[in-house]
Protein chains: 2
Amino acid sequence: MRKPKIPKGTRDFKPDQMTIKQEAFDKITSVFKRHGAVSIDTPVFELKETLTGKYGEDSKLIYDLADQGGELLSLRYDLTVPFARYVALHGVINIKRYHIAKVYRRDNPAMTRGRFREFHQCDFDVAGVYPSMVPDAEVIKVLTEILDDLDLGAYEIKLNHRGLLDSMLDIAGVPEDKFRPICSAIDKLDKEPWEVVRREMVVDKGLDEAAADAIRPFVELRGQPKALLATLLEPGHAFSAHPRGRAALEELRTLFDFLGSMGALDSIVFDLSLARGLDYYTGVIYEAVLKGAVVGSIAAGGRYDKLVGMFSGKDVPAVGVSIGIERIYNIMEEQARRQAQEEGCSVRETETQVLVASIGNGHQAQRMQLAARLWARGIKAEFGYKSNPKMDYQLGYALKQGIDLVVLFGESELQQGVFKLKNLVANTEETAPLDRLEDTVLETLAGMPARRAIFTFNSVKQPTDGIKNLKIAE
Amino acid sequence: MRKPKIPKGTRDFKPDQMTIKQEAFDKITSVFKRHGAVSIDTPVFELKETLTGKYGEDSKLIYDLADQGGELLSLRYDLTVPFARYVALHGVINIKRYHIAKVYRRDNPAMTRGRFREFHQCDFDVAGVYPSMVPDAEVIKVLTEILDDLDLGAYEIKLNHRGLLDSMLDIAGVPEDKFRPICSAIDKLDKEPWEVVRREMVVDKGLDEAAADAIRPFVELRGQPKALLATLLEPGHAFSAHPRGRAALEELRTLFDFLGSMGALDSIVFDLSLARGLDYYTGVIYEAVLKGAVVGSIAAGGRYDKLVGMFSGKDVPAVGVSIGIERIYNIMEEQARRQAQEEGCSVRETETQVLVASIGNGHQAQRMQLAARLWARGIKAEFGYKSNPKMDYQLGYALKQGIDLVVLFGESELQQGVFKLKNLVANTEETAPLDRLEDTVLETLAGMPARRAIFTFNSVKQPTDGIKNLKIAE
């Protein structure tokens with residue numbers, strides 16, 4: 001028999017990994033909601049024609065579905081194009097929405113560096129006609145709040161403007177039909193040295209050598225936003241004399257002011273080498289990177305004013321950001337494992353509050369009955385599945401899973417109409433009447449200290465000690 | 001320009017629909033967590049060979065991906081086969097897991113009746129070697145809790161056992177190689193009259209007429225679980241003399257006892273016509289239907305002891321249930337719309353608590369600054385995007401969105417270092433120092449009555465009245 005396999009470039013998430021991933025989603029969603037975003041959902045596949053002509057050189061990475069009769073379909077490559085299709089299809093005038101969902105790319109997987117063929121994106125976009133740079137500023141503010149809340153370490157947000165790139169190429173003498181291919185080459189400057197990128201421009205893309213060399217001083221411009229902006233706005237600078245460049249600089253001036261008002265300017269680096277590969281951007285663009293990390297960008301976005309119009313013929317300007325959760329997840333998983341090891345605890349896989357356990361043979365139906373009473377009051381409870389579970393096993397299970405309370409009974413308790421409640425945090429035990437089961441548990445839970453949600457409370461040492469102390473009750 | 005289209009049989013979810021869908025997911029997830037289930041995730045596509053030979057006649061509904069080089073892939077048809085592949089691949093010994101995710105079927109869509117090509121399933125499964133019927137009972141208990149919590153109206157859970165079906169077919173004289181095709185025919189009895197199903201058996205599937213007629217009295221057996229069980233266990237009954245039938249009845253006796261202990265027997269109907277189309281079931285099977293509804297089954301499941309072994313060669317017995325959320329969602333959406341109409345409110349799309357509004361022209365940067373201070377304290381706030389928003393518009397927006405508080409300022413407030421806080425629920429207004437903005441808002445929020453989460457508080461009448469009263473402040 002062949003061993004079961006999972007498709008290349010994809011992965012399963014195990015329970016402890018899901019706990020961490022869910023925590024990341026919860027933190028990200030709570031920022032989106034804090035900013036008043038609504039949520040939408042779109043199908044995982046779109047008509048093939050919906051995705052055609054939106055991704056430039058990356059279009060080759062799109063997964064197509066087999067032609068089994070009917071429409072030609074492709075798996076979504078990102079959440080931005082489906083969002084634009086949504087806005088166009090439903091005639092939306094304005095919307096601030098988030099969408100967390102999986103996207104698909106037939107890329108060469110590099111899983112240790114967080115590059116997968118199936119991965120989650122967390123997107124936040126604002127579509128609609130608004131005063132210049134207002135939604136752009138909020139989108140970038142949302143990105144900084146998420147990166148702050150996730151606490152992944154120092155980051156910077158590289159920021160540029162397609163209008164500056166275009167005017168820079170124009171000033172350098174690049175013909176307009178080469179703007180997008182040359183942008184794709186510039187986009188590689190974060191991974192490749194200038195000489196390699198220059199060769200791509202000249203050899204692969206047929207750019208005049210003089211034009212390529214004229215680009216170089218521009219893409220080396222990088223600095224604190226307001227300071228670099230002031231330099232570029234000086235009357236002698238090429239940009240300030242170029243209409244498109246001048247307009248882009250004026251937009252950035254407004255944006256930097258707004259970001260300053262919201263306390264979100266400190267992590268921004270104005271970087272003229274940032275180009276972004278995708279065709280659809282039309283204005284400000286940005287990309288977040290963790291300082292000193294090997295994982296590359298963890299979030300990116302920008303303004304795309306013409307994408308909705310490609311579907312409906314009627315432009316709805318829009319701006320947004322996509323956060324790539326896999327790379328963030330890899331860092332969080334590493335952090336959690338290190339912390340768990342240092343503190344001798346483990347990542348919780350369930351939220352169970354009570355284990356219903358029994359002493360002696362049988363009692364399966366009674367364990368079920370007591371658990372059912374707890375469930376009916378909203379208490380998270382498990383009952384032992386084994387016919388004749390040993391006390392060691394039951395308490396060990398509770399400690400390992402981070403279950404704080406154990407409801408315990410045997411034949412004698414049943415006869416007396418009582419049960420025992422073991423508190424594994426306080427290491428105490430009380431006896432209470434069986435008809436007060438639910439209230440006793442609820443009162444005890446209400447009196448317990450808050451715990452760190454995703455970790456079990458116990459140290460590696462505690463379980464064994466705990467079991468020893470508790471075994472006397474068996 | 002062609003109008004944008006969405007693939008046939010799929011749909012977008014709009015913000016108010018997402019609120020309702022999320023509420024359904026939250027309720028379902030909270031039952032899963034109440035029972036101590038862990039969560040896992042698997043890719044949306046599997047190797048094509050993983051899905052081959054698992055779904056009987058329904059295999060033709062599987063979506064394949066185009067062969068673009070590399071592995072042959074298919075979109076998952078359900079969450080059960082990927083779960084079995086997961087258990088086999090990772091060598092899992094036992095697990096109680098839930099998984100909420102989309103599945104794909106190239107079916108003829110009937111969207112008004114809740115049949116889609118892309119839809120969510122909510123699955124709960126227990127895999128591992130356990131005493132007879134213990135996990136089976138908990139799975140069915142989970143199903144009843146979910147249907148109770150969702151409050152969709154009266155339902156029944158039809159229940160049968162593959163062992164009874166097989167022994168019934170054996171007793172009726174059906175050859176063993178025809179068991180599964182004949183089961184597929186029996187499975188249609190909830191939609192088709194006996195004569196149509198008989199024709200399928202005899203004409204399409206080549207069953208002897210006498211055998212078909214011998215099946216009929218069996219599939220008409222239906223009743224209260226313990227009563228019907230007692231009848232079938234009587235010494236004179238064909239089942240009690242048939243080894244496989246006898247064993248199945250003994251399992252059901254245990255199951256009904258456990259369900260009784262957990263208070264989950266009332267909604268069960270023991271129904272020998274229930275067959276379930278899928279190949280992989282080996283024991284108890286069940287299907288939940290809403291009484292008097294046209295939507296068909298809303299949940300189904302059963303025991304599948306051989307599926308994991310098909311991947312690993314090593315059986316891990318398992319039992320589970322899949323809840324089809326689209327049909328449930330359609331009912332909840334209808335309920336919500338009716339309730340919203342009756343009470344003159346609407347479904348909330350956001351959770352925003354505060355709108356930061358201003359009086360007079362400009363103040364964009366100040367609105368942003370105040371909103372940023374609220375966000376930093378975890379308060380859900382929006383600021384007006386318009387350059388010169390009218391007071392009518394701002395208050396109307398807050399009321400329509402169900403935002404309870406409005407932070408308001410103009411030039412004179414800024415000069416005095418104060419702001420106004422309008423409480424749209426109490427219809428009051430107070431003035432407070434600007435440096436106490438966050439605390440004032442938090443204190444006011446803490447003192448406000450709890451609200452029904454998914455609806456705006458306002459009646460259709462209130463907004464207009466509210467705006468009239470509040471306009472004096474402009």
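Tabulated values for the structure
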| read-out | value |
| --- | --- |
| Range of Cα positions in the stretch A:194-336 per principal axis (Å), largest first | 51, 40, 38 |
| Set A:96/B:386; A:60/B:60; A:60/A:188 screened for pairs whose C-alpha atoms are more than 23 Å apart | A:60/B:60 |
| Shielding by partners - mean other protein chain Cβ count within 10 Å, residues of B:122-133 | 1 |
| Simple spin-label estimate for residue A:29 and residue A:435 in nanometres, 7 Å along Cα-Cβ | 4.2 |
| For the stretch B:58-65, 3J(HN,Hα) per residue [Karplus equation, 6.51 cos²θ - 1.76 cosθ + 1.60, θ = phi - 60°, Hz, x = Gly/Pro] | 7, 4, 5, 8, 6, 7, 9, 8 |
| Modelled FRET efficiency - R0 41 Å, residue A:180 with residue A:148, Cβ distances, 0.05 increments | 0.75 |
| Computed accessible area, residue A:407, all protein chains, 1.4 angstrom probe, square angstrom | 0 |
| Mean projection area, nm², convex hull over Cα of the stretch B:301-377 | 11.9 |
| Largest to smallest principal axis extent of the C-alpha atoms in the stretch A:267-329, angstrom | 44, 27, 18 |
| Where the Cα pairs of the stretch B:367-457 fall when distances are cut into 10 Å bins, in % | 15, 51, 32, 3 |
| Over the stretch A:13-67 - Rg/Rh using Cα atoms and the Kirkwood inverse-distance radius | 1.13 |
| Cα centroid separation - the stretch B:174-188 against the stretch A:110-125, whole Å | 45 |
| Estimated translational D of the protein assembly as shown in µm²/s (Stokes, Kirkwood radius over Cα pairs; 37 °C; 0.692 mPa s) | 106 |
| Over the stretch A:129-172: Rg over Rh, Cα atoms, Kirkwood Rh | 1.14 |
| FRET E, pair residue A:113, residue B:426, Förster distance 51 Å, beta-carbon r, rounded to 0.05 | 0.40 |
| Rh (Kirkwood; distinct C-alpha pairs) - chain A, Å | 26.0 |
| Degrees between helix A:437-446 axis and first principal axis of chain A (Cα, 0 to 90, nearest 10) | 50 |
| Label geometry 7 Å along the beta-carbon vector: residue B:378 inter-copy distances in nm | 1.8 |
| Inter-copy spacing of residue A:433 label points, which lie 7 Å from Cα along Cα→Cβ, given in nm from shortest upward | 5.5 |
| Shielding by partners - mean other protein chain Cβ count within 10 Å, residues of B:371-378 | 4 |
| Ratio of Rg to Rh over the stretch B:325-424 (Cα coordinates, Kirkwood Rh, two decimals) | 1.11 |
| For the stretch B:275-393: accessible area per residue (Å², 1.4 Å) | 36 |
| The stretch A:24-167: mean projected area of Cα convex hull, nm² | 10.9 |
| Apportionment of accessible area to carbon and sulfur, the protein assembly as shown, percent (1.4 Å) | 50 |
| Distance from the stretch B:1-72 to the stretch A:326-384 (C-alpha centre basis), Å | 28 |
| For peptides A:211-219, B:217-225, B:274-282, sequence by mean Cβ density within 10 Å, most packed first | B:274-282, A:211-219, B:217-225 |
| Residue B:247/residue B:334 FRET efficiency (R0 41 Å; Cβ-Cβ; nearest 0.05) | 0.40 |
| Amide H contacts under 5 Å for residue A:418, placed H, 5+ residues apart | A:434 |
| Long-range HN-HN contacts of residue A:73 with modeled amide H, under 5 Å | A:48, A:65 |
| Cα→Cβ-extended label distance, 7 Å offset, between residue B:234 and residue A:387, nm | 3.2 |
| Peptide ranges B:131-141, A:249-259, B:436-446 listed from the most packed, as the mean C-beta count within 10 angstrom indicates | B:131-141, A:249-259, B:436-446 |
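The values are calculated or read from the model by the stated rules, or taken from the named source; none is laboratory data. None of these values were measured; they are calculated from a predicted model. When we count neighbours, we look across all protein chains shown, and the Cβ atoms used for this are built from the backbone with ideal geometry, even at glycine. Ligands, DNA and RNA are excluded from the accessible area calculation, which covers all protein heavy atoms including side chains. Shrake-Rupley method; radii C 1.70, N 1.55, O 1.52, S 1.80 Å.
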